[in-house]
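Asks: The structure is given below, and queries will be raised subsequently.
The values are calculated or read from the model by the stated rules, or taken from the named source; none is laboratory data. What you see is a predicted model; the values in this text were computed from it and never measured. Note that each Cβ is placed from the backbone with ideal geometry, even for glycine, and that neighbours are counted across all protein chains shown. When the accessible area is computed, the model is the full protein with side chains, heavy atoms only, and any ligands, DNA or RNA have been set aside. Shrake-Rupley method; radii C 1.70, N 1.55, O 1.52, S 1.80 Å.
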Amino acid sequence: MKINHDIQFEDSKLKHFLNIKNLSKSHIIEIINRAEEYHNNKDIPSYSGKVVASLFFEPSTRTKTTFELATKKISADFINIDISNSSTLKGESILDMIKTIEAMSCQMFVVRHSVTGTAHYIAESVSKDISVINAGDGSNEHPTQAMLDMFTIKRHKGDFENLKISIVGDILHSRVAKSLIYALNILSTKEINIVGPSKLIPENYEDMNVNYFSDMDEGVDGSDVIIMLRLQKERMHDALISMDSYYEDYGLNQSRLKLANKDVIVMHPGPINRGIEIESSVADGPNSVILNQVSYGISVRMAIMSILFDNN
Ligand code: CP
């Protein structure tokens with residue numbers, strides 16, 4: 001599917017929130033600043049009467065639930081479309097389903113789908129007064145996750161210009177990694193390392209302004225932030241790597257953590273797989289901010305929704 005990235009803007013303002021790729025630094029800073037206010041319970045707006053519908057064609061715990069909580073905190077209504085029991089099972093197309101929900105006076109759709117570009121496709125098809133948020137499309141982007149990751153780094157580490165950030169694991173299939181790398185570059189991060197077996201690294205990584213390490217010890221050496229990723233087995237069409245050696249080669253354990261800076265923070269978008277990409281004692285240890293990320297997801301999604309409501 002060919003993606004129109006520019007569809008998320010109207011007069012350079014955000015109308016939809018679909019990708020990080022072509023955001024400006026000021027868009028990202030506005031979201032972070034607004035999220036900080038909401039995190040501190042300051043100036044929380046009310047969008048009473050607005051309706052947000054969630055359309056998750058793939059499983060989710062964190063994203064879907066934090067969108068629901070965020071919607072309630074800004075006093076809007078949230079309807080959760082149960083895809084597994086929806087009329088799509090009777091042959092209704094996604095667009096016909098969208099038009100049906102539109103007819104129930106809904107102003108925002110939050111969409112997750114396994115096919116790249118689905119949220120963009122819906123955004124091109126909805127009425128003018130409706131906003132669409134991409135909650136993850138295939139292996140393309142997961143922009144609200146990247147925003148909560150930026151919020152987490154900003155809160156725990158301050159400015160990006162002085163940071164060395166290592167992203168470890170299945171970069172190739174990860175929509176989280178792609179959105180993250182776009183955002184970190186837009187915020188002028190000093191050094192971005194990607195670490196993993198060569199079969200899980202995109203061929204065009206040299207265009208991404210990152211350093212590639214196949215050796216994890218080298219890749220996390222002196223890092224301020226380590227971001228671990230799950231192996232996206234649902235998007236691997238073949239057995240690309242040996243699971244027997246993956247944890248040994250790329251698992252984050254206590255001895256590898258010691259190679260990073262003393263005050264390194266450990267992040268993971270979740271869901272985590274203990275003993276596959278991360279040792280339990282690291283996931284639950286003092287450097288881990290994995291559960292903070294989940295909590296921040298509420299304020300960040302409140303910020304994104306409020307900007308879209310204000311702009312529409
Ligand atoms: N990080 C993330 O997208 O998690 P969920 O799949 O639980 O929403």
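Asks: Hey, among the residues in region 134-176 that are away from the ligand (no atom under 12 Å from the Cβ) and among the small types (Gly, Ala, Ser), which one's most open to solvent (accessible area, probe 1.4 Å)?
Replies: If we take residues in region 134-176 being away from the ligand (no atom under 12 Å from the Cβ) and among the small types (Gly, Ala, Ser), then Ser139 is most open to solvent (accessible area, probe 1.4 Å).
Asks: I'd like the residue in region 103-116 that is assigned to a loop (DSSP other than H, G, I, E, B) and under 24 Å from Ser75 (Cβ atoms) and, out of all such residues, is least open to solvent (accessible area, probe 1.4 Å).
Replies: For region 103-116, the residue satisfying everything is Cys106.
Asks: Would you check if Gly297 is surrounded by 13 or more Cβ atoms within 10 Å (Cβ to Cβ) and within 16 Å of the ligand (Cβ to nearest atom)? Reasoning before the result, please.
Replies: Values: surrounded by 13 or more Cβ atoms within 10 Å (Cβ to Cβ): yes; within 16 Å of the ligand (Cβ to nearest atom): yes.
Judged against the criteria, Gly297 is a match.
Asks: Mind checking which pairs have a first residue in region 165-193 that is modelled with pLDDT under 95 and a second that is outside any loop (DSSP other than H, G, I, E, B) and open to solvent by 10 Å² or more (accessible area, probe 1.4 Å), Cβ under 7 Å, 6 or more apart or different chains?
Replies: His173/Arg235
Asks: Now a separate question. Go through region 67-108 and give me each residue that's under 16 Å from Ile44 (Cα atoms) and of a type in the set (Val, Ile, Thr).
Replies: Answer for region 67-108, where residues must be under 16 Å from Ile44 (Cα atoms) and of a type in the set (Val, Ile, Thr): Thr71, Ile74.
Asks: Restricting to region 125-180, what's the tally of residues that are of a type in the set (S, T, N, Q) and touching a His at 6+ places or on another chain (Cβ under 7 Å)?
Replies: Total satisfying the criteria: 3.
Asks: Where in region 1-102 are the helices (runs of 4 or more DSSP H), entirely inside, with at least 2 residues that are open to solvent by 60 Å² or more (accessible area, probe 1.4 Å), over 30 Å from Ser188 (Cβ atoms) and within 16 Å of the ligand (Cβ to nearest atom)?
Replies: On the way: elements: 25-39, 62-73, 94-102.
Ranges flagged: 62-73.
Asks: Another question, if that's okay. Of all residues being hydroxyl-bearing (Ser, Thr, Tyr) and more than 8 Å from the chain's Cα centre (by Cα) in region 138-158, which is modelled with the highest pLDDT? Just the residue, please.
Replies: Going through the qualifying residues, I end up with Thr152.
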